[in-house]
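Notes follow once the structure below has been shown.
The values are calculated or read from the model by the stated rules, or taken from the named source; none is laboratory data. Just so it is clear, the model here is predicted, and its values are computed rather than measured. Cβ placement follows ideal geometry from the backbone for every residue including glycine, while neighbour counts extend to all protein chains displayed. When the accessible area is computed, the model is the full protein with side chains, heavy atoms only, and any ligands, DNA or RNA have been set aside. Shrake-Rupley method; radii C 1.70, N 1.55, O 1.52, S 1.80 Å.
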Amino acid sequence: MRIAIEHQIVHRARAGRPTSVQMLRLTPENYDDQTVANWHIDVDCDVRLRRGHDGFGNAVTMLYIQDAPETVTITATGEVLTSDAHGVVRGTTETLPPALFLRATPATPADAAIAAFAEEAIRGADSSLAALHAVNAALHRRFASEARGPAPDAAAAFAAASVGACDLAHIFCVAARSLGVPARFVSGFASWDDAASATAHCWAEAYVDGLGWIGFDPSIGLSPQDRHVRVAVALDAAGATAVSGEAWREVALAEAAQ
């Protein structure tokens, strides 16, 4: 699938802080089932950009603004070619051992209620992969999904009646880790309703011995498909967010036109 993406973020500078340093995680990279045809990051003022990778292996762009204006707009645009690998992630650069992703974080604390939910969901599963698919499907059935700001942590989100994609990804990570399976948060984009366009989205990946990292999207109850564009991974959303730094406001999560 060929997916065109336009993602815009607006920065409103804090009073008395004319210098701004930000880390942008807005750049998808190539792997076996994803090819970046073109990608550009544009800023509507004078800036210095430096590209590199963070500790999780994600492509990052450091943005330095001296004498920042009151409002700065960052726009990431490009086209990405994808194929459906049924969630299997192949050909990515892995800088950390899978066991690291068993670690709890403030956003993904160990939680007895989520662990009990996971144990109930996997009854009858005959393999680790089947168990993870069962948890993914059970989360999709349990929660109404809607666009909303994230809860303070996965435990608080699990107690709610409806959650956003970020919360669902966090809950999946907690559930998988409670079963002894490494799991991580994924940020990116996804196209819906067969459109060749994308909006910002997030999901999760879990590590299965013999297969490697497998994607799970509890928002749809399935593995990511060729409609998903993978950008960044981390222990939770804080490590995979599009912008790390001072206060930023996303005014258009993602808009695209073929």
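If I filter segment 183-218 down to residues being charged (D, E, K, R) and open to solvent by 10 Å² or more (accessible area, probe 1.4 Å), which single residue comes out as modelled with the lowest pLDDT?
Among those residues, the one meeting the criterion is Asp194.
Keeping to segment 17-44, report how many residues are modelled with pLDDT of 95 or more and part of a loop (DSSP other than H, G, I, E, B).
Qualifying residue count for the region: 8.
I'm trying to understand the selection: among the residues of segment 224-251, which are of a type in the set (Lys, Arg) and modelled with pLDDT of 95 or more?
Passing the criteria: only Arg230.
In this structure, does Ser127 turn out to be under 17 Å from Phe216 (Cα atoms), open to solvent by 20 Å² or more (accessible area, probe 1.4 Å), over 19 Å from the mean Cα position of the chain (by Cα) and at pLDDT 95 or above?
Yes; evaluated as a whole, the condition is true for this residue.
Filter segment 147-178 for residues that are crowded, with 18+ Cβ neighbours inside 10 Å and assigned to a strand (DSSP E or B) and give the result.
Result: Val163, single match.
In segment 113-142, which residues are farther than 12 Å from Ala175 by Cβ and without any contact (Cβ under 8 Å) to a residue 60 or more places away in the chain?
Answer for segment 113-142, where residues must be farther than 12 Å from Ala175 by Cβ and without any contact (Cβ under 8 Å) to a residue 60 or more places away in the chain: Arg123, Gly124, Ala125, Asp126, Ser127, Ala130.
Just to be sure, is Gln66 in contact (Cβ under 8 Å) with a residue 24 or more places away in the chain and under 19 Å from the mean Cα position of the chain (by Cα)?
In short, no.
Restricted to segment 22-74, and to residues that are of a type in the set (Ser, Thr, Tyr) and farther than 17 Å from Val229 by Cα, which residue is surrounded by the most Cβ atoms within 10 Å (Cβ to Cβ)?
Thr61
Identify, please: which residue in segment 219-247 is out of contact with any Gly (no Cβ under 6 Å at 6 or more places or on another chain), more than 15 Å from Pro182 (Cβ to Cβ) and among the β-branched types (Val, Ile, Thr) and is, among those, surrounded by the fewest Cβ atoms within 10 Å (Cβ to Cβ)?
Val243
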